[in-house]
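Working notes, structure below.
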Amino acid sequence: MFPRTSHAFNGKKLFVKLAWLISIIGVTTMIASPVLARKFFYPRLALFQPSAYRNYPYRNSNSTIADTLAKDGKYANLVDELKEAGLFDTLKKPGYFTIFAPTDEAFNALPDNVFKQYSKPENRIKVLKNHLISGQITPEQVNSGLIKTLEGSQVKITDTPDGTVKLNDANAKHPSTTTTNGVIVEIDRLLLPSDF
């Protein structure tokens, strides 16, 4: 009888270890599935969600959008333009905003004739508002392929076969930066209204 008890005891230990292993695999799969789905199957939606790359502190800021842009050297032109247009302080306020943030290279790539048109104060405000969205972008907006900006026009969202997300003609860089009052989406071109 003693060997049977010992064998049953070992079987119970094996069962407990197996149960723990299955639990760990199940929990890991449950946690990882949405992140992997967003990363590999829904690149448009992933662009506007909190980053799955939590170990990169530069992608998750404890500051506002305005302060985060000001600290990052690649947005110097955007920060100056937002200040001149009177929009910079808005991005320090509580609430939730999304900004499609053109880098300095994007500003420098503007053709001379477009830059002259952009430089007019009324046009500057119009263009910059075309990069701002008030409120959180919903999956329904992303799936529709159009997002309405503060300027009143719509930005078209498409994804390419290589997984790149385009906002009109601009390429969006993933992952976005999550801040205390919204999301910064880096883009490589300005989003100019259709009348430009």
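Here are some notes:
- Relative packing of peptides 76-89, 134-147, 174-187 - highest average C-beta neighbours within 10 Å first: 174-187, 76-89, 134-147
- Shape class of the range 88-196 from the Cα gyration tensor (axes a ≥ b ≥ c, square roots of the eigenvalues): oblate, since a/c reaches 1.5 or more and a/b does not exceed b/c.
- For the pair K13 and F115 in one chain, pulling the backbone fully straight at 0.36 nm per residue adds 29.4 nm over the alpha carbon distance.
- Placing S23, S153 in order of accessible area, with the largest value first and a 1.4 Å probe, yields S23, S153.
- Centroid-to-centroid separation of the range 125-162 and the range 69-122 [C-alpha atoms, Å]: 16 Å
The values are calculated or read from the model by the stated rules, or taken from the named source; none is laboratory data. Predicted model only: the values in this text are computed from it and were never measured. Here Cβ is always computed from backbone atoms with ideal geometry, including for glycine, and neighbour counts include all displayed protein chains. Side chains are part of the model used for accessible areas, which takes the heavy atoms of the whole protein and leaves out ligands, DNA and RNA. Shrake-Rupley method; radii C 1.70, N 1.55, O 1.52, S 1.80 Å.
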